[in-house]
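Taking it in order: structure first as structure tokens, then the write-up.
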Amino acid sequence: MSTWVKAAIALVLFGAGFGAGTYVRSQSARADVNEVKLDRAADQTGLALASAQAEAAQRAHEQNQAAGIHSAAESYQKGKADAESASKRTVDDLVAGNRRLRDQWATCQVTTAAAVSASAGGQRPDGGDRLRADGVGRILRAVGQCQAQRDALQQALINERAATEDHR
């Protein structure tokens, strides 16, 4: 065999080896790229799942908070209505004479009556008893509404704290 043939065979074998090595390396690189793509897809799926779970948890928290506020608002409206009816009953009882004012209010009534009788002509103001009863009713309504509002705000705070504790 001549050296030229041997050199040609060596060159062909070298080229085949080089080509085979390049082919194996490219296949390995493709496998690596596919693995990276799978890892990236898995990461994106994990992120999407985590995002969906976080959004669901946030919605649940907002719904719990809204339910607590709604419950507190209903409690406030009920307390306000109860205060209105209690003040109306008290005013009606005062007007009917079934209930009497405390002594400090009664002395105010006596002092006012004495002042009116000492004034020119000794005339009594029209509807003095009714004005007094209305004043008591307004005071009782205001107190009842304040109590109802306080109770509703306390309930909203309790619900908010409970929701916050549930999230931890």
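The values are calculated or read from the model by the stated rules, or taken from the named source; none is laboratory data. Quantities reported herein were computed from a predicted structural model and do not represent experimental measurements. In this analysis, Cβ positions are derived from the backbone assuming ideal geometry, glycine residues included, and neighbour counts consider all displayed protein chains.
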**Q.** Residues (within 22 Å of residue 164 (Cβ to Cβ) and hydrophobic (A, V, I, L, M, F, W, C)) located in the stretch 32-64
**A.** 50, 54, 56, 57, 60
(Q) Going through 118, 133 one at a time, which residue ends up being surrounded by 13 or more Cβ atoms within 10 Å (Cβ to Cβ) and modelled with pLDDT under 80? (A) 133
Q: Please identify the pairs in which a residue from the stretch 80-98 that is closer than 13 Å to residue 143 by Cβ has its Cβ atom under 7 Å from the Cβ atom of a residue that is among the charged types (D, E, K, R) and not in a helix (DSSP H, G or I), counting only partners at least 6 apart or on another chain.
A: 90/99
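Consider the stretch 1-28. How many of its residues are among the hydroxyl-bearing types (Ser, Thr, Tyr) and under 60 Å from the mean Cα position of the chain (by Cα)?
2
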Q: Under 9 Å between Cβ atoms, at least 6 apart or on separate chains: pull out the pairs that start in the stretch 6-23 with a residue that is surrounded by 10 or more Cβ atoms within 10 Å (Cβ to Cβ) and end on any residue that is not in a helix (DSSP H, G or I).
A: 9/1
